[in-house]
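Before any comments, here is the structure.
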Amino acid sequence: MQSKDPGVYVLRHGETAWSLSGQHTGRTDIPLTERGEAEAEALVPWLRGIDFTHVRASPMRRARRTCELAGLGRSVEVDDDLSEWNYGDYEGLTSAQIHKSRPDWAVYRDGVPGGETPDAISVRADRVIQHLGALKGSVALFTHGQFASALAARWIGLPVISAQHFMLSTASLSILAYNPSHPDTRVIALWNGVPSVLRDVK
């Protein structure tokens with residue numbers, strides 16, 4: 001992606017039963033809830049006028065379904081690198097449950113036993129960014145909360161642990177771009193935009 005290009009539109013999937021309960025959802029392939037489907041459909045007006053040259057989605061059906069309901073399913077390419085963090089032994093557990101045995105545990109610092117480490121996530125995010133460098137135009141990426149936060153951190157050159165400060169709502173829209181006054185400087189142009197907030201942006 002060249003500095004003159006409009007940007008990378010990063011979209012977290014809509015609500016699932018586990019995102020609602022706070023359970024870590026990595027490779028468990030669960031569907032959107034009814035509300036999650038409505039959240040995805042609410043993205044349509046914010047994406048309809050954008051001429052996306054590339055649309056990519058995680059292989060998980062919650063991400064692919066969000067892409068479809070948001071109106072971009074016809075041109076989507078599945079990209080394994082957009083998958084959520086592999087939570088290994090902590091798959092399906094909430095942070096509160098994990099903290100009973102590991103009170104100080106933090107995924108962006110510690111990773112998970114039997115799953116991915118922060119270094120592995122950093123490598124994967126950097127690979128996505130490298131691939132984006134070969135693309136032109138606006139790109140849409142349908143992915144997951146904690147991986148998207150790590151991707152944003154790496155986009156602006158921060159370590160993965162900094163992603164702990166970048167919270168994302170379900171079916172949110174964020175934009176990674178370049179500073180027009182400093183074309184080599186990557187920026188976060190929009191973070192965690194959801195339709196209820198986007199309606200107020202003029």
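The values are calculated or read from the model by the stated rules, or taken from the named source; none is laboratory data. Because the structure is predicted, anything quoted here is derived from the model rather than measured. Backbone-built Cβ (ideal geometry, glycine too); neighbour counts: all protein chains shown. These accessible areas exclude ligands, DNA and RNA; they are computed on the full protein's heavy atoms, side chains included. Shrake-Rupley method; radii C 1.70, N 1.55, O 1.52, S 1.80 Å.
Do any trypsin sites (Lys or Arg not before Pro) in the range 1-110 lie in a DSSP loop with no more than 12 other beta carbon atoms within 10 Å, and if so, which?
Values: sites: K4, R12, R27, R35, R48, R56, R61, R62, R64, R65, R74, K100, R109; in loops: K4, R27, R48, K100.
Passing both the DSSP loop test and the Cβ count: K4, R48, K100.
A 1.4 Å probe run over the chain, with the rest of the protein chains in place, finds 48 Å² accessible per residue.
Rg then Dmax, both in Å and based on the Cα atoms of the chain: 16.2, 49. How high is the FRET efficiency from W191 to K136, r the C-beta distance, R0 22 Å, rounded to 0.05? FRET efficiency, W191 to K136: 0.40. Under 8 Å for C-alpha pairs, at least 6 residues apart: give me the relative contact order for the chain, rounded to a whole percent. For the chain, the relative contact order is 31 percent. Restricting the chymotrypsin sites (Phe, Trp or Tyr not before Pro) of the range 71-131 to loop positions (DSSP other than H, G, I, E, B) with no more than 16 neighbouring Cβ atoms within 10 Å leaves W105. To put it simply, the accessible area of the chain at a 1.4 Å probe is 50 percent carbon and sulfur. Among beta bridges from DSSP that stay inside the chain, the antiparallel ones total about 50%. If you plug the beta carbon distance of S101 and A38 into 1/(1 + (r/R0)^6) with R0 = 45 Å, you get a FRET efficiency near 0.75. Counting only DSSP H runs of at least 4 residues, each contributing -39500 (n - 2.57), and dividing by the residue count of the chain, the helix-based mean residue ellipticity at 222 nm comes to -8000 deg cm²/dmol. For T185, the residues whose amide H sits under 5 Å from its own are N179, ignoring neighbours fewer than 5 places away on the same chain, with H placed 1.01 Å from N.
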